[in-house]
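In what follows, a single structure is set out as structure tokens and then discussed.
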Amino acid sequence: MGRAYPGVRLAGCVMSRGNGDVLARSKGRVRRLQAVVEASLLVNSTLDLEELARHIVGLATQLIGAERGSLFLVDGDAGRLRAMVAQGLDGGSLEVAIGDGIVGAVAATGEAIILDQPYADSRFDRRVDTATGFRTRSLLTVPVRGRDGELVAVLQLLNHRQGKFTTADVDFLADLGVTFAIALNAARMHRQIVERERLAEEVRLAAEIQRTLRPRSLRDVPGLNLESLVHPCREVGGDYFDVIPARGGKSWWLVMADISGKGVSAGLIASNVQAYLWTRRADRRSLTRIVAEGNDLLYGLTHGRKFATLLLAEWVPTRRAIRWVGAGHPPALLVRNGRVRRLDSTGRPIGMLPNQDYGSGSMQLRRDDLILLYTDGVTEATANGGDDEFGLLRLIDCLGGATGCRDALGRVAGALERHVNGHPFEDDVTLLCGRCTADGAGAVTRADAGLKEEATAP
């Protein structure tokens with residue numbers, strides 16, 4: 001049974017059916033006009049899309065005198081119609097491709113269809129009747145169009161209670177259709193706005209959570225003075241940097257990673273990388289094994305659809321020693337006495353392919369040495385998507401005369417701003433700079449003396 005709408009007076013909008021009396025027809029038209037006005041007030045009383053769809057189907061079945069009704073919302077981009085209301089069909093969702101069946105044919109042609117013997121029409125799908133035990137004896141399917149003629153929905157009514165559906169019913173529903181379409185568009189727009197606001201709030205919360213996952217302090221690492229610069233191009237970034245106490249406090253891990261892609265999905269992968277590294281901070285195995293295991297875990301999670309470049313460097317204060325594994329990441333830069341040297345990568349990005357081997361590099365730092373970790377958002381920055389990237393050479397030029405971390409990052413930030421010339425960054429920009437403050441003991445290695453890193457091949 002349809003829902004009762006006592007405020008709508010046209011319980012029998014079909015009263016003029018078969019009555020040739022002019023006065024009776026005039027009264028019928030007046031009643032229908034009253035029904036259109038009152039239906040407009042009713043359907044515009046809510047912005048809830050599902051509730052509105054129920055109102056529309058309830059009104060249409062009551063005013064026309066049908067046993068059941070359905071309302072299908074048009075998704076032009078997907079080329080499909082989705083049932084918002086399907087009376088008598090419990091559970092599940094009903095979708096129809098435009099062009100398929102009776103509903104799809106009306107959506108494709110824009111023409112109403114009246115069937116007095118639906119089972120004789122090859123387009124009629126009997127499966128719903130079979131599943132519900134209902135018998136469709138007559139059928140009326142009409143397009144619901146807006147003021148500009150845009151197809152918004154398709155309305156289908158089943159089994160006229162007093163005989164057959166007529167073209168008068170089609171005309172009446174056409175009068176109601178504009179009201180229905182306006183209300184449906186308003187409700188759909190309201191839902192989209194609410195969903196965008198909810199998504200924006202979720203993104204804001206994700207960004208806030210991501211900010212809390214950054215190191216709370218960079219002042220706890222013995223022997224290194226650390227400074228950072230972070231500039232995400234979106235609210236949630238795909239860059240990740242960290243400072244992790246490791247090996248029972250005997251060493252510290254400096255981490256710089258860049259997840260493929262941008263936005264929330266990249267931020268989620270970054271959180272997974274962070275969680276993995278923190279769970280391994282007491283691991284006594286080599287950095288190469290830790291990175292290789294992280295590679296396999298990320299590949300198992302994303303099957304190569306997402307990957308990350310990673311630079312994992314271990315600082316041992318008592319020896320002024322630093323060892324690194326570079327998984328496809330831009331080379332760290334060492335600044336000593338105004339000269340800049342690269343600490344290159346030693347393997348592929350993690351998560352791209354399974355069963356990868358990684359090498360490592362190592363060297364000792366001297367007092368006032370600077371080491372810079374960064375993401376490719378720095379070197380690949382361009383002005384308004386042009387071809388002129390900031391590049392590694394410009395970055396090296398910024399560092400040549402730097403006197404400390406804050407000075408180095410300030411030089412890089414200023415040069416980047418001038419290079420992009422006021423245009424927004426197209427990728428996340430993250431830098432972590434460390435200055436060696438320890439004199440330390442320990443022998444000076446060949447790598448230290450020659451300003452060349454020792455590296456083991458993957």
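Just to be sure before I move on: is residue 214 at pLDDT 90 or above, in a loop (DSSP other than H, G, I, E, B) and not hydrophobic (A, V, I, L, M, F, W, C) in the structure I sent? Criteria not met by residue 214.
In the condition set (1) assigned to a loop (DSSP other than H, G, I, E, B); (2) within 30 Å of residue 285 (Cα to Cα); (3) over 35 Å from the mean Cα position of the chain (by Cα); (4) at pLDDT below 90, residue 366 is compliant with all but (4). Scanning the stretch 308-322 for residues that are closer than 16 Å to residue 281 by Cβ and buried (at least 21 other Cβ atoms within 10 Å of the Cβ) yields 310, 312, 313, 314, 315. Selection of the stretch 154-178 for residues being crowded, with 21+ Cβ neighbours inside 10 Å and either modelled with pLDDT of 90 or more or farther than 13 Å from residue 66 by Cα (or both) yields 154, 155, 156, 157, 158, 160, 165, 172, 176, 177. Can we say residue 136 is free of Cβ contacts under 8 Å to residues at least 24 places away in the same chain and over 35 Å from the mean Cα position of the chain (by Cα)? Answer is yes for this residue. A Cβ distance below 7 Å, combined with a sequence gap of six or more or placement on separate chains, defines the contacts here; from the stretch 178-193, residues that are over 18 Å from residue 149 (Cβ atoms) reach residues that are of a type outside the set (Lys, Arg) and surrounded by fewer than 16 Cβ atoms within 10 Å (Cβ to Cβ) in the pairs 187/48. Within the stretch 295-314, track down each residue that is among the polar types (S, T, N, Q) and more than 23 Å from residue 252 (Cα to Cα). Selection gives 302 alone.
Look at (1) assigned to a loop (DSSP other than H, G, I, E, B); (2) farther than 23 Å from residue 50 by Cα; (3) in contact (Cβ under 8 Å) with a residue 24 or more places away in the chain and you find that residue 147 fails only one, number (2). Quick check: anything in the stretch 164-179 assigned to a loop (DSSP other than H, G, I, E, B), within 13 Å of residue 60 (Cβ to Cβ) and over 40 Å from the mean Cα position of the chain (by Cα)? Yes, there is a match, as at least one residue in the stretch 164-179 is assigned to a loop (DSSP other than H, G, I, E, B), within 13 Å of residue 60 (Cβ to Cβ) and over 40 Å from the mean Cα position of the chain (by Cα). The numbered conditions (1) in a strand (DSSP E or B); (2) at pLDDT below 90; (3) not charged (D, E, K, R) are all true for residue 114 except (2).
Do you know which residues across the stretch 320-343 are in a strand (DSSP E or B) and either outside the structural domain of residue 400 (by TED's automatic domain parsing) or at positive phi (or both)? Let's see the steps before the verdict.
Within the stretch 320-343, the first condition is being in a strand (DSSP E or B), and the residues that meet it are 321-328, 332-336, 339-343.
Selection gives 328 alone.
The values are calculated or read from the model by the stated rules, or taken from the named source; none is laboratory data. None of the values given here were measured: they were computed from a predicted structure. Cβ atoms come from the backbone with ideal geometry, glycine included; neighbour counts cover every protein chain shown.
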